[in-house]
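S.K.: Pasting a structure here, questions to come.
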Amino acid sequence: MATTATGAVVVGATVASVVADASGWVPVPRAVQTALVLVTLFVLPVAWVGVHAVWALRGRAELFAAAGEYPRRRPTDRQLLDHLRDEHPLTPLWWMVAVLGGLGTLCLGVAFPFALADGAVLAGVLLGVGLAASLAALALAVPGIRRADVQGSEDRRLRTELWSLPSALERKLRLPILGTGDGAHLGT
């Protein structure tokens, strides 16, 4: 809830600064606008999904720990829906990092040669650093997606061993946290 409220405040401040500067009400420095827009577009989505993933991982660990102590006690359907999906809680985070890294690589890769051609050394250095960071994010995200998929399969196996689920709940658990269920995720 705190993450959503913080995100709403940052988005509101970004929109207000852009509108205020565009309409001439209050002059807002370009650096402030740029920072707000970058935080809104790149940092907030990752932070929001990350906080939700940590929450889901904590709940998942608690459920499996409780199952170890009381193997015959089945969690409620709500607990299962909240914490034990077929998709591992970190999968949406890795997909979001991959998408943002890919977009960053594409945008910065196109802008980098133009900055160098114009002789803008500082802009070229900044774009080069951003391009390297985007490529590093992609390099980290792809193995992360694979690891989360393996962990999701392990979670399914463990859940099947611990609890039998009613068929309606099984269908709900097959829906991914984000995306359409065919491997695609929000933003791809």
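S.K.: Shape of the stretch 1-67 from its Cα gyration tensor (a ≥ b ≥ c, root eigenvalues): rounded if a/c is under 1.5, otherwise prolate when a/b > b/c, or oblate?
M.R.: Details: a/c = 6.68, a/b = 3.78, b/c = 1.77.
Prolate, because a/c is 1.5 or more and a/b exceeds b/c.
S.K.: Highest mean first, how do 40-53, 145-158, 21-34, 117-130 rank when packing is the count of other Cβ atoms within 10 Å averaged over residues?
M.R.: 40-53, 145-158, 117-130, 21-34
FYI, it's all coordinate maths here, none of it is from the lab. These figures come from a predicted structure and were not determined experimentally. Positions of Cβ are backbone-derived with ideal geometry, glycine not excepted, and every protein chain shown enters the neighbour counts.
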